[in-house]
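The next block holds one structure in the form of structure tokens; read it before the comments.
The values are calculated or read from the model by the stated rules, or taken from the named source; none is laboratory data. These figures come from a predicted structure and were not determined experimentally. Positions of Cβ are backbone-derived with ideal geometry, glycine not excepted, and every protein chain shown enters the neighbour counts. These accessible areas exclude ligands, DNA and RNA; they are computed on the full protein's heavy atoms, side chains included. Shrake-Rupley method; radii C 1.70, N 1.55, O 1.52, S 1.80 Å.
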Amino acid sequence: MTSARTEITLSVVIPMYNEEEALPALVARLRPALDGIGCTYEVVAVDDGSKDKTAAVLQDFRADWAELRVVKLRRNSGHQAALTAGLHSSVGAYVASIDADLQDPPEKIAEMLELAQRNGLDIVYGVRNDRSTDTGFKRRTAGLYYGLMRRLVGKQMPSQAGDFRLLSREAVEALKALPDQQQVYRLLVPWLGFPSGEVYYQREERVAGETKYPLSKMIRLAVDSITGFSAAPLRIATWLGVTSFFACLALLVFTVVAYVSGHTVPGWTSLFVAMLFIGAVQLICVGLLGEYIGRIYTAVQKRPTYFIGYDSAKDEPAASATVIAPRHESERAGV
Ligand code: UDP
Ligand code: MG
């Protein structure tokens, strides 16, 4: 485990986008739950470029909750990028991540930490054993998504485990070392292969406000998940080429039969065969090229996934070092 960063036992990362309505309820439940554990902790609230009063509400809570740290992203970067910012900023020996809308019960964090410490686990997943509060559409799309992802990542990926989980510092450092651009943590974390455990809970209803995951963001997450773990879509072009090649062979037989039985005009057969054959071979080549270009494209796009505009732990002087500024320029000049 990385040294010197273990003064804080637990970091709790909470990505939030336009969550001003949910915040009072979140703080009211999260704070006693964390105080009750009895270890040193920090709460890393990542404001994902909210357009409502999330930032101001957070600052208000900070006034009498020293453990609350606010990391504000310059622009809305999406849930997974906000999680990245939180994981990268966190300093705890264990790092839990939880949504801001209380769909995941904060009281379970104590259970996760206890399980990890007792059994020496690096990952504890929060697994939803009841999604009855989600809409039918959400349940069906989630079922499809987890089924497909388990085929890509392998059986070590628990189904129905979202982004409510606990990671050890070692696991966080392993995630930080990955060069991935569009991280999908629910796939990356099981893929790391650390010893893991599960804690079961019932998914509750969003406490206030509306979902920040419209269909477009759900599709984005699914596309990032597939392209991050599989080159299968690129291979479709190759398989198209191979299929047309065999179709051409069948047509070749047809053209030869047509020629032998005299149902052609002279020259037609050779032209037709050559055109079909070259077309198929070209498709195969384009498919192969596409496969490599896709890989190069992902590798060269080394853009940061988020920009931190403000971090209360770094950008604010400690309370004891507060400088009382003169009220007016004239006072400073002694006039
Ligand atoms: N979220 C975020 N950035 C976004 C969208 C969502 O930080 O662009 C946060 C959101 O505030 C919440 C979490 O991600 O804390 C999960 O989002 P939400 O609860 O809306 O998703 P759902 O539970 O409906 O899938
Ligand atoms: Mg939610």
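Some points to look at:
- The range 179-201, subset among the hydroxyl-bearing types (Ser, Thr, Tyr) and in contact with a helix residue (DSSP H, G or I) (Cβ under 7 Å, 6 or more places away or on another chain), residue surrounded by the most Cβ atoms within 10 Å (Cβ to Cβ): TYR185
- The criterion of being within 12 Å of ligand 2 (Cβ to nearest atom), free of Cβ contacts under 8 Å to residues at least 40 places away in the same chain and open to solvent by 60 Å² or more (accessible area, probe 1.4 Å) does not hold for GLU204.
- Conditions (1) at negative phi; (2) of a type outside the set (A, V, I, L, M, F, W, C); (3) more than 16 Å from ligand 2 (Cβ to nearest atom); number of the one not met by GLY262: (1)
- Residue list for the range 38-60, filter: surrounded by fewer than 15 Cβ atoms within 10 Å (Cβ to Cβ) and among the aliphatic types (A, V, I, L, M): ALA56
- Comparison of VAL71, VAL91 shows that the only residue that is open to solvent by less than 10 Å² (accessible area, probe 1.4 Å), more than 21 Å from SER225 (Cβ to Cβ) and not small (Gly, Ala, Ser) is VAL71.
- For the residues LEU34, LEU26, the requirement of being near ligand 1 (Cβ under 10 Å from one of its atoms), part of a helix (DSSP H, G or I) and either open to solvent by less than 10 Å² (accessible area, probe 1.4 Å) or modelled with pLDDT under 95 (or both) singles out LEU26.
- Against the conditions (1) surrounded by 18 or more Cβ atoms within 10 Å (Cβ to Cβ); (2) of a type in the set (Val, Ile, Thr); (3) modelled with pLDDT of 85 or more, THR211 satisfies every one except (1).
- Test: residue in the range 301-308 that is among the charged types (D, E, K, R) and open to solvent by 60 Å² or more (accessible area, probe 1.4 Å): yes
- The residue list SER216, SER159, SER225 contains one member that is among the small types (Gly, Ala, Ser), crowded, with 17+ Cβ neighbours inside 10 Å and farther than 22 Å from GLN117 by Cα, which is SER225.
- Counting only strands (runs of 3 or more DSSP E) that sit wholly inside the range 39-99, those with at least 1 residues that are in contact with a Gly (Cβ under 6 Å, 6 or more places away or on another chain) are 41-47, 68-73.
- Enumeration of residues in the range 205-220 that are part of a helix (DSSP H, G or I) and in contact with a His (Cβ under 8 Å, 6 or more places away or on another chain): LYS217
- Note on the range 258-301: residues that are under 24 Å from PRO179 (Cβ atoms) and of a type in the set (Ser, Thr, Tyr) amount to 3.
Residues checked against (1) touching a strand residue (DSSP E or B) at 6+ places or on another chain (Cβ under 9 Å); (2) touching a residue at least 40 places away in the same chain (Cβ under 8 Å); (3) outside any helix (DSSP H, G or I):
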{"position": "ARG150", "(1), (2), (3)": "no, no, no"}
{"position": "PRO158", "(1), (2), (3)": "yes, yes, yes"}
{"position": "ASP163", "(1), (2), (3)": "yes, yes, yes"}
{"position": "LEU166", "(1), (2), (3)": "yes, yes, yes"}
{"position": "VAL172", "(1), (2), (3)": "yes, yes, no"}
{"position": "VAL199", "(1), (2), (3)": "yes, yes, yes"}
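- Residue match in the range 1-21 (condition: under 20 Å from GLU107 (Cα atoms), assigned to a strand (DSSP E or B) and open to solvent by 10 Å² or more (accessible area, probe 1.4 Å)): yes
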